[in-house]
Amino acid sequence: VQLQASGGGLVQAGGSLRLSCVASGNVFRVNRMGWYRQPPGNQREFVASWISGGNINYADSVKARFTISRDDAKNTVYLQMNSLKPEDTGLYYCGAGDSARNYWGQGTQVTVSS
């Protein structure tokens, strides 16, 4: 499975961005997808995930501001980010998994200015 993330950029605090992640390859085996981020100088952290069966989870820090969604026809998962804060700055990664392993795409940079 290959993942291609896009949509990052520079935005002022309070603004919005939508990230996209297109999956290709053996996508029929994927049973979970999600977004993670790595703030400057920190480790990668969980942001949001979708698990087969409709289970959606968010990090407490992004609840009510971020929304994860999927378009199965396009093999794409989105992350709509509203009310962005400077602490949301980081390199955002798309991840996916099947019964065998996890997969990672390249990151897309999100920078929120105050």
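Computed values, structure above
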| quantity | calculated |
| --- | --- |
| Residues of region 59-88 classified as part of a loop (DSSP other than H, G, I, E, B), over 12 Å from Val11 (Cα atoms) and among the hydrophobic types (A, V, I, L, M, F, W, C), total | 3 |
| Out of Tyr92, Tyr103, sole residue that is crowded, with 17+ Cβ neighbours inside 10 Å, of a type outside the set (S, T, N, Q), modelled with pLDDT of 95 or more and closer than 16 Å to Val1 by Cβ | Tyr103 |
| Of residues in region 1-28 being assigned to a loop (DSSP other than H, G, I, E, B) and farther than 19 Å from Thr67 by Cα, the one least open to solvent (accessible area, probe 1.4 Å) | Val1 |
| Residue selected from region 29-45 under the condition without any contact (Cβ under 8 Å) to a residue 60 or more places away in the chain and in a loop (DSSP other than H, G, I, E, B), by the criterion least open to solvent (accessible area, probe 1.4 Å) | Pro39 |
| Pair list, Cβ < 9 Å and 6+ apart or interchain, from region 46-66 residues that are open to solvent by 80 Å² or more (accessible area, probe 1.4 Å) to residues that are hydroxyl-bearing (Ser, Thr, Tyr) and part of a loop (DSSP other than H, G, I, E, B) | Ala64/Ser83 |
| Ser69, sole failed condition from (1) under 12 Å from Arg32 (Cβ atoms); (2) of a type outside the set (Asp, Glu); (3) free of Cβ contacts under 8 Å to residues at least 24 places away in the same chain | (1) |
| Region 70-89, residues that are open to solvent by 50 Å² or more (accessible area, probe 1.4 Å) and at pLDDT 95 or above | Gln80, Asn82, Ser83, Lys85, Pro86, Glu87 |
| Residue in region 80-87 that is among the polar types (S, T, N, Q) and on the phi > 0 side of the Ramachandran plot present | yes |
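The values are calculated or read from the model by the stated rules, or taken from the named source; none is laboratory data. Keep in mind the model is a prediction, meaning the values are calculated, not measured. Cβ atoms come from the backbone with ideal geometry, glycine included; neighbour counts cover every protein chain shown. Protein only, heavy atoms only, side chains kept; ligands, DNA and RNA dropped before computing areas. Shrake-Rupley method; radii C 1.70, N 1.55, O 1.52, S 1.80 Å.
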